[in-house]
Structures are given as C-alpha cells and as structure tokens.
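Okay, structure first, notes after.
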Amino acid sequence: GPLLEARSVERSYGRTPALREASLSVRAGEILAIMGPSGSGKSTLLHCLAGIFTPDAGEIWFDGRRLDLLNDARRSELRRTAFGFVFQFGQLVPELTVADNVALPLLLGRVGRRQAYPRAGEMLRRLRLEELGERRTGELSGGQAQRVAIARALVTRPKVIFADEPTGALDSLAGEEVMELLVGLARQEGTTVIVVTHDARVAACADREVVVRDGRVTDPYAGQVLR
Ligand code: ADP
Ligand code: ADP
C-alpha cells in the first residue's frame, strides 16, 4: 500500500490558492518526480507531504497515520527520524567541516559523538567523499556540496527523502551525478524519494512522475484504498 498520501489537500497563502484538492499516493521505495510549471504548487505540495506545512483542508497520511493531525513536537520528531531533506542551496553549515555537517542530524537526534562520527564517515565513504571530511563546506564546489547534503540527508537512514530542485543550482553534468547518486543509494536502501524538479533529465531517473498544474495533481494512483 502507499507509504505517503495527500488526500484532497488545499493550501492557500492569504487569498492565493496554491493547492486545490491535490491528491497523490507514494509507495514505499518509489522514486517519484513532481514536475510542473513554476508557481504551480510543487514546493507547497512537498512541504505539506513532509509535515512542514499543515494543509488548510484534506489529509496527509504517512505509514498508516494522519501526519497532519500530529502536534508540532511529534511532527518534528517524525521529520527528524523518518524524513531526510535535500534542497537547492544553503542547507549546509559553511563554518563546519564536511564530517561535522554529516554527523549533525545524528548529534541533534542525541546519538553520541562516538557513534555519530563513524556513521558519518561510513556515509562519506559510500559517496566517495571521505577525502573531503575535514574541509569546511563553504569551500566546496556546488556538486560536492550537494553530495554532502545527500550524505547528510541519508545518514539517519530515513524512510523518505524530500528533494526540492536538488540539481537546480548545478550544471547538467554535476546535476546528473548528484541525481544518480541519490537514486542509487535510495534503491540500495529501499528509501522512498520525492523530488521536485523542472528538469526532464532528473525526472527520467524516477520510477514515475506526476505533474502539478494550478495547484492540481494528476496521479492515477491517488485515492486507491490500499490499506
Ligand atoms: P512551485 O514550487 O511549483 O514553483 P509554489 O508551491 O512555490 O510553486 O507556489 C505555488 C503558488 O503559491 C504560487 O502562486 C506562489 O506564488 C504562491 N506562494 C508560494 N509561497 C508563497 C508565500 N510564502 N506567500 C505567498 N504566496 C506564495
Ligand atoms: P520555487 O519555484 O522553487 O518554489 P520560488 O522562487 O517560487 O521558488 O519561491 C521561493 C520562496 O519564495 C519560497 O519560500 C516561496 O514560499 C516564496 N514565495 C514564492 N512565491 C511567493 C509570493 N508570491 N509571495 C511571497 N513569497 C513567495
């Protein structure tokens, strides 16, 4: 059955409707691309699915539970333990080293330093980034920084990775490398990936794509009762 679902979700910014009865169903282990024109509601949908925004109406289901009904503390806890995030820019702490950045989600989750740093090191080895461990992330190229961001998103072994234009700031070669890495790791781990993108080559890495237009989503799998 679906791992994550939006059911008839509505969300407005003041009087601007951003999502109108948006429904979407994502299976465990699926790599789903969310496409559509700028301003169509893709980011808003991603934020609702990730429990960052609460819908004005409709329901978000994660793993058999109503995500939108959890209180803030429980939602933050779920985001920290079950979800990982990769954004276009700015998510690394530039003054910290690569190893510190990758260990950070574990340290914030109260994993001790003696476990967090070896796990961060292991993730960096898998991404072939171990030689960068002591570098400050402010000194990295865009492609290196996105690989580190992926290492950081995956280090907690999340069930779902949410990626909003993860290759948007990269040239096409670096973008393809970043996407291949994300998809390859996700498949090895069985991680579900939801990626918002304008780039058809990024979407081509996904198992499936849905299109958002004017706040509406066309997903043939939405609304099937599979639980
Ligand atoms: P996309 O990700 O497809 O570009 P968004 O979800 O960012 O679309 O935006 C959907 C609509 O909501 C657009 O009309 C956008 O201008 C509007 N919007 C998004 N964020 C805000 C905001 N913080 N305040 C007001 N309007 C917003
Ligand atoms: P994207 O297309 O990737 O969503 P945008 O440039 O549309 O990027 O949005 C960047 C930021 O600006 C987001 O945080 C979004 O919520 C906010 N935003 C988008 N549209 C508006 C708007 N009309 N008014 C205020 N904030 C907005």
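Points worth noting:
- Accessible area of the chain belonging to carbon and sulfur atoms, whole % at 1.4 Å probe: 48
- Short-range pairs are left out: with C-alpha atoms under 8 Å and at least six residues apart, the relative contact order of region 1-133 is 19 percent.
- Nonlocal amide H pairs with Asp56, under 5 Å, H built at 1.01 Å: Glu10, Arg11, Ser12
- Per-residue SASA entry for Ile150, accessible area with 1.4 Å probe, Å² rounded to 10: 0
- Dimensionless Rg ratio for region 138-191, taking C-alpha atoms and the 2.2 N^0.38 Å reference: 1.09
- Computed on region 106-227, the Cα convex hull volume stands at 149 Å³ per residue.
- Cα-based convex hull, the chain, per residue volume (Å³, whole number): 120
- Region 126-146 versus region 1-35: alpha-carbon centroid distance in Å: 33
- Charge sum, other residues only, whose C-beta stays under 14 Å from Glu180's C-beta, Lys/Arg counted +1 and Asp/Glu -1: +2
- For region 1-158, the solvent-accessible area of protein heavy atoms averages 48 Å² per residue (probe radius 1.4 Å; ligands and nucleic acids excluded).
- Principal axis dimensions, region 1-103 - Cα atoms, whole angstrom, descending: 43, 31, 27
- Rg/Rh ratio calculated on Cα atoms of region 11-64 (Kirkwood radius): 0.95
- Sparse packing (at most 14 other Cβ atoms within 10 Å of the Cβ) combined with a DSSP loop state is found for the following chymotrypsin sites (Phe, Trp or Tyr not before Pro) in region 82-168: Phe89.
- Exposed GluC sites (Glu not before Pro) absent - longest run of the chain, DSSP non-H/G/I/E/B, at most 10 other C-beta within 10 Å: 1-94
- Estimated purely from DSSP H runs of n ≥ 4, each contributing -39500 (n - 2.57), the mean residue ellipticity at 222 nm for the chain is -10500 deg cm²/dmol once divided by its residues.
The values are calculated or read from the model by the stated rules, or taken from the named source; none is laboratory data. These figures come from a predicted structure and were not determined experimentally. Every residue, glycine among them, receives a Cβ derived from its backbone with ideal geometry; neighbour counts consider all protein chains shown. Only protein heavy atoms, including side chains, enter the accessible area calculation; ligands, DNA and RNA are left aside. Shrake-Rupley method; radii C 1.70, N 1.55, O 1.52, S 1.80 Å.
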